[in-house]
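Below is one structure, written out as structure tokens; the observations come after it.
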Amino acid sequence: APRTKAGVRATLTAHRAADQIPAVIYGQEKTPVTIVVDYKAICAIIRTDPNAIITMKHEAGEDTVIIKAIQRHPLTDKYTHFDFQRISLKDKIKVKVAVKLVGECFGAKVQGGLVEHTMRVLNVSCLPTEIPHEIELDITDLHINHSLRVKDIKPGKFDLLDAADQIVVSVTAPKEEKVEEPAAGAAAAGEPEV
């Protein structure tokens, strides 16, 4: 639906109370359009695929968009605003894609190490129709002190944009707990005098 009086706090509050989220559509050198979207509908899309291609129908016409930015309430974590970017299905775009670890890590299961998942999302460039839902990373053969970097990921129909040497996941040795021994003086002090 169109959003009138864009930026007026009382209007924004009224929209949010009615389960409508303020949003803006921009890009492709067209005039930005201020709108409101149904809260439940947009939540359902995000749960299914945060990089979903959305056809947005509004008073000014129709746009093919993706979600470019989301603002949340600092206390409730509810969505408060969306930025939708117009896209062409024929041009590559930059998006963030979640990394999913698969397999039972040898370094953790057999050697007792700890899996450290450093990069949970990767920046990729691809056609909108070829955005992967997630990037799977097999950690079955990872041993203690081994890691997988961006350069170890086999790109599909997308290009990786992050630095090649960045560590995505690693296996570290467990830290040994130091047991403090009581000082000799302290032990003597605790003994009764004879």
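The values are calculated or read from the model by the stated rules, or taken from the named source; none is laboratory data. All of these numbers come straight from a predicted model, not from anything done at the bench. Cβ placement follows ideal geometry from the backbone for every residue including glycine, while neighbour counts extend to all protein chains displayed. Heads up: the accessible areas ignore ligands, DNA and RNA and are worked out on the full protein's heavy atoms, side chains in. Shrake-Rupley method; radii C 1.70, N 1.55, O 1.52, S 1.80 Å.
With a 1.4 Å probe rolled over the protein heavy atoms of all chains, the accessible area of Arg47, Arg16 falls in the order Arg47, Arg16, largest first. Compute the long axis of helix 39-48 from its Cα atoms, compare it with the longest principal axis of the Cα atoms of the chain, and write down the angle in degrees, 0 to 90, nearest 10. Once rounded, one gets 60 degrees.
Determine the gain in length on full extension of the stretch Leu89-Asp138; use 0.36 nm per residue of separation and subtract their C-alpha separation, reporting nm with one decimal.
On the way: separation 49, 0.36 × 49 = 17.64 nm, distance 3.05 nm.
Once the chain is fully extended between Leu89 and Asp138, it gains 14.6 nm.
Using just the Cα positions, wrap the range 32-187 in a convex hull and report its mean projected area in square nanometres, one decimal place. Don't skip to the end; give the middle numbers.
Working: hull surface 61.3 nm².
Reported value for the Cα convex hull: 15.3 nm².
Here the 3J(HN,Hα) profile of the range 15-27, calculated from phi with Karplus coefficients 6.51, -1.76 and 1.60 at θ = phi - 60°, is 4, 5, 5, 8, 6, 10, 9, x, 8, 9, 10, 9, x Hz, Gly and Pro shown as x. Could you pull out which residues in the range 116-152 have an amide N less than 19 Å from a spot 7 Å beyond the Cα of Ala163, following the Cα-Cβ vector? Backbone N within reach: 117-125, 147-152.
Which percent of the accessible heavy-atom area of the range 1-140 goes to carbon and sulfur, probe 1.4 angstrom?
Working: 4360 of 8350 Å².
Roughly 52 percent of what the probe reaches on the range 1-140 is carbon or sulfur.
Mean-square fluctuations from a GNM of the chain, with a 10 angstrom spring cutoff on Cα atoms, peak among Val97, Val24, Val110 at Val110. Across the range 1-95 the C-alpha pair distances fall into 5 Å bins from zero in the proportions 3, 12, 25, 26, 19, 11, 4, 1, 0 percent. Under 5 Å between amide hydrogens, built in the peptide plane, is the criterion, and for His81 it picks out Gln71 among residues at least 5 positions away or on other chains. The residues of the chain present an accessible area of 66 Å² per residue when probed at 1.4 Å with all protein chains retained.
Rounded to the nearest Hz, the phi-derived 3J(HN,Hα) couplings of the range 165-174 under the Karplus curve 6.51 cos²θ - 1.76 cosθ + 1.60 (θ = phi - 60°) are 8, 5, 7, 8, 8, 9, 10, 10, 6, x, where x marks glycine and proline.
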